[in-house]
Amino acid sequence: DAPGQADGFLTYRLVGILRDGGQVELGSTQIALGNASLALRLLGANPVRNHGTLEYSLPAPGHVRLELFGINGARLATLVDRVDAAGIHTVNFNLRSEDGHQLGAGVYLLRLSAGQGARTMKVVAVD
C-alpha cells in the first residue's frame, strides 16, 4: 500500500505550520478509493463502548454478511445479511449477542464477507 493508504481508503492529514517552524496536526480524514476493493473500517475510536459505526465498501453488488465473533472464534451476532449495491455502506452496531445479552469488555472480531472476498478487523470494547 502507498503511504496513508489501507484497505481501500486514502488518509489525508491536515497539518498547520507554526511561525517557529513547528507543526500541529489539525485533523485527518479518510476517503474511499472508488469501489475498487472490498473494505471494512470502524468510524470513530477503537476501543468502543457498547456500540459503534462501521463503514464497508463493495466493489460489486451482491450478498453481504457482517458478523461479530468472540476472540475464541464463536459467532456472537450477525449484523448484516443481505444483498447490497456496489459502493459505500454504513452500519450502526451494538455489542449484544443474537439473544440480546450485552457483551462485556474484551476483544472481538468483525468479519465482512462479500462475493469471493472477506475482511476481518479487531474491535476492542471497554466498560
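Hey, any hits in the range 31-46 for a residue that's modelled with pLDDT of 85 or more, open to solvent by less than 50 Å² (accessible area, probe 1.4 Å) and part of a loop (DSSP other than H, G, I, E, B)?
If we filter the range 31-46 for residues that are modelled with pLDDT of 85 or more, which is where we start, we get 38-46.
Still in the list and also open to solvent by less than 50 Å² (accessible area, probe 1.4 Å): 38-42.
Remaining after also requiring part of a loop (DSSP other than H, G, I, E, B): 38.
Checked against the condition, which is being modelled with pLDDT of 85 or more, open to solvent by less than 50 Å² (accessible area, probe 1.4 Å) and part of a loop (DSSP other than H, G, I, E, B), the range 31-46 yields at least one hit.
List the residue pairs whose Cβ atoms are under 7 Å apart, where the first residue sits in the range 79-92 and is of a type in the set (D, E, K, R), the second is open to solvent by 30 Å² or more (accessible area, probe 1.4 Å) and assigned to a loop (DSSP other than H, G, I, E, B), and the two are 6 or more positions apart or on different chains.
That search, which allows pairs on different chains as well, returns D84/P61.
Just to be sure I understand, how many residues within the range 62-80 are over 14 Å from G104 (Cα atoms), open to solvent by 40 Å² or more (accessible area, probe 1.4 Å) and in contact with a strand residue (DSSP E or B) (Cβ under 7 Å, 6 or more places away or on another chain)?
Within the range 62-80, residues that are over 14 Å from G104 (Cα atoms), open to solvent by 40 Å² or more (accessible area, probe 1.4 Å) and in contact with a strand residue (DSSP E or B) (Cβ under 7 Å, 6 or more places away or on another chain) number 5.
The values are calculated or read from the model by the stated rules, or taken from the named source; none is laboratory data. Since we're looking at a predicted model, the values are computed, not measured. Cβ coordinates were reconstructed from backbone atoms using ideal geometry, including for glycine residues, and neighbour counts include every protein chain displayed. Just so you know, the surface numbers come from the protein's heavy atoms only, side chains and all, with ligands and any DNA or RNA stripped out. Shrake-Rupley method; radii C 1.70, N 1.55, O 1.52, S 1.80 Å.
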